[in-house]
Amino acid sequence: MIYNMDCIEGAKQIIEDNSVDLIVTDPPYNLGFGGTTQTKTKRPRFNIIANDNLPHRDYQRFTFQWLRQAYRVLKPGRHIYVCIDWRMYPLISLWMQQVGFVIKNCIVWDKVHMGMGWQYRFQHEFIIFAVKGKQKARRIGTRKARDIWSIPKIPGNKTVHPTEKPPELIAPMILNSSHPGELVVDFFLGSGPVAEAAIVNDRRFIGFEIDPGYFQITKKRIELIKHK
Ligand SMILES: C[S@@+](CC[C@H](N)C(=O)[O-])C[C@H]1O[C@@H](n2cnc3c(N)ncnc32)[C@H](O)[C@@H]1O
């Protein structure tokens with residue numbers, strides 16, 4: 001089930017306390033990002049994403065609101081993965097701990113190909129890996145997994161969203177931290193890679209996206225998977 005609505009309101013209305021097995025999500029980083037790829041006219045291909053250009057206080061309030069909902073709906077001991085970059089890592093990891101999550105690790109996504117940047121070009125992002133509560137955390141499904149993942153990013157001219165993540169990046173999180181039939185939630189769908197990775201691996205899924213255009217992209221993506 002996916003919903004074209006604000007994730008904070010959506011979670012309040014739709015998701016019961018302690019009912020979710022896994023959260024995988026990629027929130028706005030508040031970096032005013034609309035993507036780096038340009039058209040021939042040198043104009044950005046994408047608008048700045050929703051809630052990505054807020055005054056600091058508003059971003060903090062917004063982040064606390066969705067994190068509190070994430071904490072409420074997740075089952076105790078279950079995992080949450082939050083994508084973030086180095087600039088916002090200190091704040092998001094602090095705020096996650098303040099709502100009660102216990103940070104277990106920080107996965108480094110090596111995007112294999114370099115991106116923008118003048119002082120060393122960007123090639124990595126972080127994924128915060130945390131659990132709800134201090135006791136009886138579920139273990140990930142393998143002892144071989146390491147915390148640096150080299151997975152190629154999607155080339156800029158093939159993306160349909162300015163901060164698009166490849167489904168290959170999301171699949172290990174789904175497979176390591178949930179079982180078939182369990183409920184996975186994404187608060188910020190974007191173009192829907194978490195939806196894809198959850199559905200193809202037979203998980204139940206709930207996701208929210210506030211932007212009607214990106215919601216339609218995810219909806220079509222799910223329809224294509226179901227008709228395969
Ligand atoms: C960082 S992007 C996610 C990109 C996604 N991982 C992908 O690969 O396409 C964050 C998304 O959250 C959406 N968003 C922002 N505020 C929201 C809110 N309050 N509720 C639901 N979605 C929201 C934005 O429109 C944007 O598409």
Within the range 38-84, of all residues that are more than 14 Å from the ligand (Cβ to nearest atom) and hydroxyl-bearing (S, T, Y), the one modelled with the lowest pLDDT is T39
Those residues that are touching a residue at least 60 places away in the same chain (Cβ under 8 Å) and among the hydrophobic types (A, V, I, L, M, F, W, C), I need them from the range 129-175; list them, please.
A137, I140, L169, I170, M173, I174
Residue satisfying all of: in the range 153-186; open to solvent by 70 Å² or more (accessible area, probe 1.4 Å) and at pLDDT 95 or above; nearest to V112 (Cα to Cα) among these:
E168
Take I222 and tell me if it is open to solvent by less than 30 Å² (accessible area, probe 1.4 Å) and within 21 Å of K132 (Cβ to Cβ).
no
With the first residue restricted to the range 202-214 and required to be without any contact (Cβ under 8 Å) to a residue 40 or more places away in the chain, and the second required to be within 9 Å of the ligand (Cβ to nearest atom) and assigned to a loop (DSSP other than H, G, I, E, B), Cβ contacts under 9 Å at 6 or more apart or on different chains are none
Meets criteria (touching a strand residue (DSSP E or B) at 6+ places or on another chain (Cβ under 8 Å), hydrophobic (A, V, I, L, M, F, W, C) and open to solvent by 40 Å² or more (accessible area, probe 1.4 Å)) for I140
yes
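The values are calculated or read from the model by the stated rules, or taken from the named source; none is laboratory data. This one's a predicted model, so the numbers in the text were calculated from it and none came from an experiment. Note that we place each Cβ from the backbone using ideal geometry, even for glycine, and neighbour counts take in every protein chain shown. Each accessible area value is taken on the protein alone, full model and side chains, heavy atoms only, with ligands, DNA and RNA left out. Shrake-Rupley method; radii C 1.70, N 1.55, O 1.52, S 1.80 Å.
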